[in-house]
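The values are calculated or read from the model by the stated rules, or taken from the named source; none is laboratory data. Computed from a prediction, not measured in an experiment: that's the story for all the values here. Every residue, glycine among them, receives a Cβ derived from its backbone with ideal geometry; neighbour counts consider all protein chains shown. Remember, those area values only see protein heavy atoms, side chains included, never the ligands or the DNA or RNA. Shrake-Rupley method; radii C 1.70, N 1.55, O 1.52, S 1.80 Å.
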Amino acid sequence: MTQRGSQLVLGVDPDPAALWPAPVREGGDQDGDLAAIGTGARAVLDHCRALIEATAEACVAVKLQLASFEALGAAGRLVLDAVAAYARGAGLLVIADGKRGDIDVSARAYASALFGGLDSPLGRFEGLGADAATVNPLMGRDAIEPFIAAARREGAGVFLLVRTSNPGAADVEDLALAAGGAVWERLAALVAELGEAGIGEAGLSDVGAVMGATAPAHLLRARELMPGAVFLLPGIGAQGGAVEDLAPAFQPGAAGGLVTASRSIAGAHRLHGGSPAQAARAEAERLRAAAWTLSRRVAA
């Protein structure tokens, strides 16, 4: 995951109340089913496409916040599929950020929707075809394994929530366990255990960890517990995290950490001025350069 020398993941979580003005429109009514999605959903699609077009050269992947698309109702899945396809066309990996987690039967259904789809007596139902997805591990191993199995069949991966970026993470994830350590450390051990079978030639696993950039003090211990996990690092920018604090994430190499930012890129014009596309491109390039410089320094 180092194409374009980048560890930057563009978070795409469109808010209909904060779309770019007059975004560049691609495809028009020739997009088939998209012709009937309605003007509001179409505006969201155009915004997402314009954002990806502006920043793709600085990024390795997009992280699609599923809730933002589900909020659009029936049109949301069509828009989600179209945005994912547009990102792939721009050479980017697609991470589905839904933080799914449930009993094994439901987990298999979620995994089918996120990855390779479902074959049934009623026919074939296509999945999103994500390259990775975020998964909530708090229900335990049997709620995680269907996601890992589905991802591996498709050559994809999962990121388990370990120590998240929100302030309330401390309410549960930092609690001490009777057996020793914190809740998040047990989750980290689970990542390492489940990811062992998926370690590739580069020494990195297809089971990664969501480690919030807002709590960088945990990263060194996290790397000790999960030496082969790729860290997905949300919380940069709007949530207060800084790339410069993330050095332990890159100890396994440049691909060991993926820095993710969304609002700070999409809304950069409100802070720095300029056109939305120009400001987003500049902020994405700044973050890309900061992450790349840090990863090279750690490797040295």
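Each DSSP beta bridge with both residues in the chain is either parallel or antiparallel, and the antiparallel ones are about 15%. In a Debye calculation with equal point scatterers on the alpha-carbon sites of segment 39-135 and no solvent, what is log10 I(q)/I(0) at q = 0.14, 0.17, 0.18, 0.20 Å⁻¹? So the normalised log intensities work out to -0.54, -0.77, -0.86, -1.02.
Compared with the direct C-alpha span, the chain from residue 85 to residue 217 gains 43.8 nm at full extension, assuming 0.36 nm per residue. Between the beta carbons of residue 255 and residue 13, assuming R0 = 22 Å, the FRET efficiency works out to 0.35 to the nearest 0.05.
About the centre of its Cα atoms, the chain shows a dipole size close to 560 debye [charges on the beta carbon of Lys, Arg (+1) and Asp, Glu (-1) only; nearest 20 debye]. Peptide packing for 173-184, 122-133, 81-92 was compared via the average number of neighbouring C-beta atoms within 10 Å per residue; ordered from the highest value, the list is 81-92, 122-133, 173-184. Taking the Cα centre of segment 147-214 as origin and assigning +1 to Lys and Arg Cβ atoms and -1 to Asp and Glu Cβ atoms, the resulting dipole is close to 100 debye.
If you take the charge dipole of segment 172-300 about its Cα centre, with +1 on Lys and Arg Cβ and -1 on Asp and Glu Cβ, which of 182, 205, 287 is farthest toward its positive end? So the residue furthest toward the plus end is 287.
The candidates 154, 145, arranged from most to least accessible area with a 1.4 Å probe in the full protein assembly, appear as 154, 145. Per residue, the chain exposes 43 Å² of solvent-accessible protein surface, assessed with a 1.4 angstrom probe and all protein chains in place. Taking only the alpha carbons of the chain, we obtain Rg and Dmax values of 18.8, 60 Å in that order.
Extension gain for the segment residue 77 to residue 299, taken as residue separation times 0.36 nm less the Cα-Cα distance, is 75.9 nm to one decimal. For the chain, carbon and sulfur atoms together expose 54% of the accessible surface, with a 1.4 angstrom probe and every protein chain in place.
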